[in-house]
Amino acid sequence: MKTTLVTGGAGFIGSSFVRGLIARQQTRVVNYDLLTYAGNLDSIPAADGKMHIFVHADICNADRMAQKSPICSERTRLAKKWRMVRLTH
């Protein structure tokens, strides 16, 4: 069985993507998310350690990413850091 790494998998789009992968039961999902402003654990199924592994980590941490990335046959990058711009009139 293949394993898919998803970064940003607890965000709005990422959680929908993760739920779809898990529902198909054709791939294990390793879900990385830092759970900042957009990440929400309530949006994703509970990690069972078999089909869904959740890792609360920053994708900028190369050591942590290296621990899980080699076991993944596919990668989907949805993690982004957005800068909010305040507009004044």
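Rule-based calculations on the coordinates, nothing more; no lab input. Please read these numbers as outputs of a predicted model, since none were measured by experiment. Cβ: placed from backbone, ideal geometry, glycine included. Neighbour counts: every protein chain shown.
Some notes on this structure:
- Summed residue charge, Cβ within 14 Å of M51's Cβ, Lys/Arg positive, Asp/Glu negative: +4
- Just checking the listed ones, S73, S43, S15: in the Gaussian network model of the chain with Cα springs under 10 Å, the one fluctuating most is S73.
- Only DSSP H runs of four or more residues enter the estimate; each adds -39500 (n - 2.57), and after division by the residues of the chain the mean residue ellipticity at 222 nm equals -6500 deg cm²/dmol.
- Residue-count net charge about T4 - beta-carbon cut-off 10 Å; Lys, Arg +1, Asp, Glu -1: +2
- Between amide H atoms placed 1.01 Å from N, distances below 5 Å from I53 occur with V29, V30, N31, all of them 5 or more places distant or on a separate chain.
- Nearest 10 degrees, 0 to 90: helix 12-24 Cα axis against the chain principal axis: 10
- Principal axis analysis of the Cα atoms in the chain yields extents of 55, 29, 18 Å, listed in decreasing size.
- The mean sequence distance of close C-alpha pairs (under 8 Å, at least 6 residues apart), as a share of the length of the chain, puts its relative contact order at 38 percent.
- Among D58, D48, D33, residue whose mean-square fluctuation peaks in a GNM of the chain (springs only between Cα atoms under 10 Å): D48
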